[in-house]
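Colleague: For reference, the structure I am asking about is given below.
What follows draws every value from the coordinates through simple rules; no lab data is involved. Small disclaimer: the values here were computed from a predicted structure and weren't measured. Backbone-built Cβ (ideal geometry, glycine too); neighbour counts: all protein chains shown.
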2 protein chains.
Amino acid sequence: MSYTYQYPRGALTVDCVVFGFDGGGLKVLLIKRGIAPFKGEWALPGGFVKVEESLDEAARRELQEETGLERVFLEQLYTFGEPGRDPRERVVSVAYFALVRPEVYQMRAATDADDAQWFDLDELPRLAFDHPEIVEMAHQRLRGKLRYEPIGFELLAEKFSLSQLQYLYEAVLGVPLDKRNFRKKVQSYDLLIPLEEKHRDGPHRPAQLFKFDPDKYQELKGKGFLFEI
Amino acid sequence: MSYTYQYPRGALTVDCVVFGFDGGGLKVLLIKRGIAPFKGEWALPGGFVKVEESLDEAARRELQEETGLERVFLEQLYTFGEPGRDPRERVVSVAYFALVRPEVYQMRAATDADDAQWFDLDELPRLAFDHPEIVEMAHQRLRGKLRYEPIGFELLAEKFSLSQLQYLYEAVLGVPLDKRNFRKKVQSYDLLIPLEEKHRDGPHRPAQLFKFDPDKYQELKGKGFLFEI
DNA sequence: TTGGCTTTGTGTGAAATTTACACTTTAGTT
DNA sequence: AACTAAAGTGTAAATTTCACACAAAGCCAA
């Protein structure tokens, strides 16, 4: 018996919503399309999946090829497959969301390649395809996850101050948080390792730096611990 | 310029993890494969996506064709795309999870078609492909969602007693819950409409029946309300 | 060196929520 | 009429959340 399938095939792509944080608001990385359709318009980085690679690999490869980004936090988001979402033919896209640290963010912002640029999440330009919908879902997911999983650290430098962490939470969740209560809570889990170093910046009191302890988190998680801000 | 893509294409399928609840434990609906590969083994209901249909439509169609189920709660779960997950060639599968009410569950359990059967979630037979992994993820997702979204009602009859609701939560979450505290909490949201009718069953005190008010939930959700058990 | 600026860092009491816990009511069966 | 089994109900203690204000540190400029 033959293994040939009787169904016609569409194409399969991956698209990545890459978030960055610069201390102010959330940013999203977009690329300017060099080819039709939507040539010259902004779009999410992404592209076709090769037959011999996994979806995650495809997402990482496209991110690397189109934006130069490597070793970022990457997680599958949702698969978009409405017929007609690509004007050419049936294209199903597995969307990912990615979080990058400020070092990376600043690096990419510096190289003024005008075909890859950071935009404020709430001031995005017109986007190709159904990419606005994808970005919207990624934003919702990020907001939802931040409350229950310690992924915010992926948007900060390895060493960060509690104020920086708080600014991040305020930016993503869109609400102001009480400084004392916030610090009490995040420190209560014992997942932040206080470092010797201090962060100095401007003519102010320098801030204690911390780093997140992912191993300890994994260990606690195994015992049913639930991170929650 | 031509719109022909330079990448070879794999096939695209949908697979559904269908959960049912009979007052005892969680059940999963499986079908016996009639064709190779894995002919004669149990597998998740699912099949190939047609070019002109959306992914959701494909999932509903396959469910209908293979199990007769219609009008079920259906939500996209995750997309599985490891090369090699299908021994024939590259097949990417968009997995869904579905929740069915006991009426439906009992109906399907009655028709003793031996090519579609309910199994206890914790006593599943050997499964084809990477379906064990898919079931595992669906179970996790169900557990996670149940705490924060009122989807448990999709596994109960339209009219249900508070005890039935509690048994469901206990079965899915795997922990015993305090009767009084549970009732206090679920009723505090004012999302359950008490009905005139009573449920009688056995030589016991009959139970007050309720139904869930989805409209009110949608309204509250719009105002930032968070359901939580 | 002094005063001013700006950010870090810290504690407490009131209010709200969560938790633990046991007995009465109801209907059916014998 | 007595027995059985599940439904239904309240309170007090413990814990968590929330609101809130001022001293300490370092830099800069006069």
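Colleague: Just rank B:F21, B:F119, A:F97, fewest to most, by other beta-carbon atoms within 10 angstrom.
Modeller: Lowest count first: B:F119, B:F21, A:F97.
Colleague: Where the only charges are on Cβ atoms (+1 Lys, Arg; -1 Asp, Glu), what is the dipole of the protein assembly as shown about its Cα centre, to the nearest 20 debye?
Modeller: 1320 debye
Colleague: A follow-up question, please. How many angstrom lie between the C-alpha centres of segment B:46-64 and segment B:146-215?
Modeller: Value for the Cα centre distance between the two parts: 33 Å.
Colleague: Along Cα→Cβ at 7 Å, what distances in nm separate the A:H199 label point from those on the other copies, shortest first?
Modeller: Label point to label point, same position, other copies: 5.3 nm.
Colleague: Taking only Cα atoms of the protein assembly as shown, what ratio of Rg to Rh do you get with Rh as the Kirkwood inverse-distance radius?
Modeller: That ratio is 0.99, to two decimals.
Colleague: Another one. Using a label position 7 Å from Cα in the Cα→Cβ direction, what is the ascending list of nm distances from B:S188 to the same site in the other copies?
Modeller: 1.7
Colleague: Under the rule of at least 5 residues apart or a separate chain, name every residue whose amide H is placed under 5 Å from the amide H of B:A95.
Modeller: B:D15, B:L77, B:Y78, B:T79, B:F80
Colleague: Which distances in nm, rounded to one decimal and ordered from shortest, link the label point of B:E52 to the equivalent label points in the other identical copies, with labels set 7 Å from Cα toward Cβ?
Modeller: 3.7
Colleague: While we're on this one: Just the number: Rg to Rh for chain B, Cα atoms, Kirkwood Rh, two decimals. Each step should come with its number before you reach the end.
Modeller: On the way: Rg = 19.9 Å, Rh = 19.4 Å.
That ratio equals 1.03.
Colleague: Return an integer: the convex hull volume of the alpha-carbon atoms of segment B:33-87, in Å³ per residue.
Modeller: 110 Å³
Colleague: Just want the ordering: A:M107, B:M137, from fewest to most Cβ atoms lying within 10 Å of their own Cβ.
Modeller: In order of increasing Cβ crowding within 10 Å: A:M107, B:M137.
Colleague: Related question: Compare B:G152, B:G68, B:G46 in a GNM of chain B, Cα atoms joined below 10 Å, and give the one with the largest fluctuation.
Modeller: Sorting by GNM fluctuation, first place goes to B:G68.
Colleague: So, one more: Which of the aspartates and glutamates could a cross-linker span from A:K198 if the Cα-Cα distance has to be under 14 Å and same-chain partners fewer than 8 positions apart are dropped?
Modeller: Within the straight-line limit of under 14 Å, A:K198 reaches these aspartates and glutamates: A:E158.
Colleague: Rounded to the nearest 500, what is chain B's calculated 222 nm mean residue ellipticity when only DSSP H runs of at least 4 contribute -39500 (n - 2.57) each, over all residues?
Modeller: Result for chain B: -9500 deg cm²/dmol, rounded to the nearest 500.
Colleague: On each of the three principal axes of the Cα atoms of segment B:156-222, give max minus min coordinate, whole Å, ordered largest first.
Modeller: 43, 31, 19
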